Each structure stands twice: as C-alpha cells, then as structure tokens.
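Have a look at the structure below before the remarks.
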Amino acid sequence: DTAVSQTPKYLVTQMGNDKSIKCEQNLGHDTMYWYKQDSKKFLKIMFSYNNKELIINETVPNRFSPKSPDKAHLNLHINSLELGDSAVYFCASSQGRQGGQYFGPGTRLTVT
Amino acid sequence: QQPVQSPQAVILREGEDAVINCSSSKALYSVHWYRQKHGEAPVFLMILLKGGEQKGHEKISASFNEKKQQSSLYLTASQLSYSGTYFCGTEYTDKLIFGTGTRLQVFP
C-alpha cells in the first residue's frame, strides 16, 4: 500500500492555465506539507498543515492555494501558471513537527 | 539560512566509507537526513533531536553537535544502493530547511 500518493505524476500545461495536484496519506499522520524542488534540486517548503489547519505559509505567490479537506488529504491549486512554476512538487507527511517526513512520488509540472 | 553541506559530491568504490557534513549558521533544534535517488522522492533516513545524539541505520549513522551547529552522516562499507543525493534538514522556526545536498556515487 502506498503511504503517500500524489496525482498526477506528470502535468504539462500552457502558461495562464489553472491546475491542481492532489495528495493523500494513509499513515495516520497529522501534519502534511507541500515542497517545491527546482532544477537545481533545491527542496523548499511551501505550505504545511496540521490537522487541517494551515501552520506554515512561505513566501509563495497568491496564485498557489492549498486546501486540506481532512488530515489525510492536502491539495494544491495553482492559478495562472507561469514558466517559473515548472518544477517537481512533493507532498509529504509527518507525525508532528519532530517526526520524519514521508514524501509522495512527486508531480513534475512543466509549463510551456 | 540554508544549511551548507560538504562535500558537494563524493565518488566511492563499493566497500569504501564516506562522511557528509551539514553546517548551519543558526542554532539547530533537530537534524533530519534524507536520501533521494534520481527521479524519485526523498526518503527519510533518520532524525536527531538532541545535541550529542548519535543514531545508526544499518551501516549509515549520524551525529549531531549542537554547539558547533553541525551534523555528520557516516556511510560505512558503501553499497551500490547508497548512490543518490543526501540532504540534511534543519528545523528553523517550525519548518524544515533542507541543505544544499551531497551527490554520492558508488561504483563496483
């Protein structure tokens, strides 16, 4: 059974479009995250939710909006996509702040 | 703010040892270590919560020197499966900041 799953795995779209990425974890964790990994492999936190409550909101454009319907799901909606949004987006989960983070397989977003 | 890892890259033969260092300019509250293989997600290896703590995971272990604001990852008798990019992560203001990464390649 997949612990942290993401859909889709690949996303190719044109500038200006709106897209969503979904994430689900079956580990029973209470904290979920969105990370962006750029072409230089730098992993940067974007958002974090604890029991559906937003606890970390990094300096991310307003075009990015996370949503957590319950503690097992965390979605990411992106409006008006730009070329610079091209990256791999990882969802992760942990039990509390001090637990190890378990990552989903990633979504490779390519904006043309 | 981003932890600096050294070396940036390591090339090993199977059976050789390596040490990867992670240094932070800010006080460290905990240190995570992850390994990411090409095209895959980062995989959690271990977390060190206290200064002076040492942990082991098969032939991979780590230490955490809180005073020096650094952590080291030790890989002994390396195997081909150890190849990948290793990231440390340090906790800062409730979020994990990942390091610059160390690319490790193990050859037969």
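The values are calculated or read from the model by the stated rules, or taken from the named source; none is laboratory data. A quick note: this is a predicted structure, and the numbers were derived from the prediction, not measured. Heads up, the Cβs are rebuilt from the backbone with ideal geometry, glycines too, and the neighbour counts pull from every protein chain shown. Calculation scope for accessible area: heavy atoms of the full protein, side chains included, ligands and nucleic acids excluded. Shrake-Rupley method; radii C 1.70, N 1.55, O 1.52, S 1.80 Å.
Select from region B:58-80 the residues that are over 12 Å from the mean Cα position of the chain (by Cα) and farther than 18 Å from B:ARG13 by Cα and write down the one among them that is modelled with the lowest pLDDT.
Initially, region B:58-80 is screened for residues over 12 Å from the mean Cα position of the chain (by Cα), giving B:58-59, B:65-69, B:76-80.
In the following step, the residues that additionally are farther than 18 Å from B:ARG13 by Cα were identified as B:58, B:65-69.
Values: B:GLU58: 73, B:ASN65: 86, B:GLU66: 80, B:LYS67: 81, B:LYS68: 80, B:GLN69: 87.
Top of the filtered list is B:GLU58.
So, in region A:4-28, exactly how many residues are assigned to a loop (DSSP other than H, G, I, E, B) and within 12 Å of chain B (Cβ to nearest Cβ)?
Taking region A:4-28 first, the residues assigned to a loop (DSSP other than H, G, I, E, B) are A:8-9, A:14-18, A:26-28.
Filter once more, keeping what is within 12 Å of chain B (Cβ to nearest Cβ): A:9, A:27.
Summing the residues that are assigned to a loop (DSSP other than H, G, I, E, B) and within 12 Å of chain B (Cβ to nearest Cβ) in region A:4-28 gives 2.
Which fully enclosed strands (runs of 3 or more DSSP E) of region B:29-73 have 1 or more residues being within 14 Å of another protein chain (Cβ to nearest Cβ) and surrounded by fewer than 13 Cβ atoms within 10 Å (Cβ to Cβ)? Spell out the reasoning first.
On the way: elements: B:31-36, B:42-48, B:54-57, B:60-65.
Correct list: B:54-57.
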* To do: Give just the number: which of (1) touching a Lys or Arg at 6+ places or on another chain (Cβ under 8 Å); (2) within 11 Å of chain A (Cβ to nearest Cβ); (3) touching a residue at least 60 places away in the same chain (Cβ under 8 Å) does B:ALA9 not satisfy?
  => (2)
* **Within region A:30-41, considering residues that are under 27 Å from B:THR100 (Cβ atoms) and outside any strand (DSSP E or B), the one most open to solvent (accessible area, probe 1.4 Å)** => A:LYS40
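Taking into account only those residues within region B:77-90 that are crowded, with 16+ Cβ neighbours inside 10 Å and among the polar types (S, T, N, Q), which is nearest to the other protein chains (Cβ to nearest Cβ)? First the steps, then the outcome.
First, the residues of region B:77-90 that are crowded, with 16+ Cβ neighbours inside 10 Å: B:78, B:82-90.
From the residues that got through so far, the ones that are among the polar types (S, T, N, Q) too are B:78, B:83, B:85, B:90.
Values: B:SER78: 21, B:SER83: 15, B:THR85: 6, B:THR90: 12 Å.
The residue in question is B:THR85.
Would you check if A:VAL60 is surrounded by 14 or more Cβ atoms within 10 Å (Cβ to Cβ), under 19 Å from B:PHE98 (Cβ atoms) and without any contact (Cβ under 8 Å) to a residue 40 or more places away in the chain? Give the steps one after another, and end with the answer.
On the way: surrounded by 14 or more Cβ atoms within 10 Å (Cβ to Cβ): yes; under 19 Å from B:PHE98 (Cβ atoms): yes; without any contact (Cβ under 8 Å) to a residue 40 or more places away in the chain: yes.
Taking the combined requirement at face value, the residue satisfies it.
Given A:LEU81, A:LEU74, A:LEU11, which one is farther than 30 Å from B:GLN8 by Cβ and touching a Pro at 6+ places or on another chain (Cβ under 7 Å)? It would help to see each step written out before you state the result.
Values: A:LEU81 fails: touching a Pro at 6+ places or on another chain (Cβ under 7 Å); A:LEU11 fails: touching a Pro at 6+ places or on another chain (Cβ under 7 Å).
Exactly one residue qualifies, and that residue is A:LEU74.
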